[in-house]
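**Student:** Here you go, one structure.
Computed from the coordinates by the stated procedures, all read-outs in this text should not be read as laboratory data. Nothing here was measured: the structure is a model prediction, and the numbers come from that model. Counting neighbours? That spans all protein chains shown, and the Cβs are built from the backbone with ideal geometry, glycine included.
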Amino acid sequence: MKTAVPTYSCLAVAVALGSGYRVISARDILYCVAEGNNTHIHLKDGQQLTSGKNIKQMFGMLSQDDFVRIHHSYVVNLEHVLRLTLEPEMQVELRDGSRILVSRRKKKDLLEHYLIL
């Protein structure tokens with residue numbers, strides 16, 4: 001039986017680093033990417049941190065208004081999305097130039113955050 005992951009909608013997260021924690025504002029997170037049971041957090045200043053939380057737990061801690069899961073392995077901060085491209089496959093382009101593929105299953109979730117004119 002699966003247990004539900006609690007949602008918190010945090011303004012900041014503390015990432016364990018050896019002998020302490022690094023507190024980062026949720027606004028500074030560009031995107032998160034899963035690697036097994038860990039999550040790599042990419043920051044707008046170019047740094048990358050690794051959390052022992054899986055991507056589902058990480059997504060549950062972040063505001064569902066500001067972050068969206070666009071792929072099984074990716075969560076992006078909507079504040080940093082610069083462009084959505086549709087061809088040949090849907091991708092988000094972030095302000096730092098990163099491009100991340102949007103899965104077909106998550107496309108609708110992403111588009112629900114935008115008013116398409």
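**Student:** Among Ser51, Ser98, rank each residue by its count of other Cβ atoms within 10 Å, from fewest to most, as a rough exposure measure.
**Tutor:** Least to most surrounded, the residues fall as Ser98, Ser51.
**Student:** Using the 10 angstrom Cβ neighbour count as an exposure proxy, how do Lys106, Lys53 rank, fewest first?
**Tutor:** Details: Lys106 17, Lys53 21.
Listing Lys106, Lys53 from fewest to most nearby Cβ atoms yields Lys106, Lys53.
**Student:** With only Lys, Arg, Asp and Glu charged, each at its Cβ (+1 for the first two, -1 for the last two), find how big the charge dipole of the chain is about the Cα centre; round to the nearest 20 debye. Write down the numbers at each step before the final one.
**Tutor:** Working: 15 positive and 12 negative charges, 71 e Å.
Dipole about the Cα centre, nearest 20: 340 debye.
**Student:** Treat the count of other C-beta atoms within 10 Å as a stand-in for reagent exposure and order Asp66, Asp45, Asp96 from fewest to most. Don't jump to the answer; show the numbers that get you there.
**Tutor:** Working: Asp66 17, Asp45 9, Asp96 14.
Ranked by crowding around the Cβ, least crowded first: Asp45, Asp96, Asp66.
**Student:** Let me ask another. Would you work out which of Val92, Ser103, Leu11 lies farthest towards the positive end of the dipole of the chain, given +1 charges on the beta-carbon of Lys and Arg and -1 on that of Asp and Glu, about the Cα centre?
**Tutor:** Selected residue: Ser103.
**Student:** When the gyration tensor of the range 12-111 is built from Cα positions, what are the square roots of 5 times its three eigenvalues, in whole Å, from largest to smallest? Numbers along the way, then the final one.
**Tutor:** On the way: eigenvalues 108, 38, 26 Å².
Taking √(5λ) for each eigenvalue gives 23, 14, 11 Å, largest first.
**Student:** Here's a follow-up. For the chain, what is the calculated [θ] at 222 nm in deg cm²/dmol (nearest 500), taking -39500 (n - 2.57) for each run of four or more DSSP H residues and dividing by its residue count?
**Tutor:** On the way: 2 runs with 12 residues, N = 117.
Calculated mean residue ellipticity at 222 nm is -2500 deg cm²/dmol.
**Student:** Taking Cα pairs under 8 Å and at least six residues apart, what relative contact order does the chain come out at, in percent?
**Tutor:** Computed value for the chain: 19 percent relative contact order.
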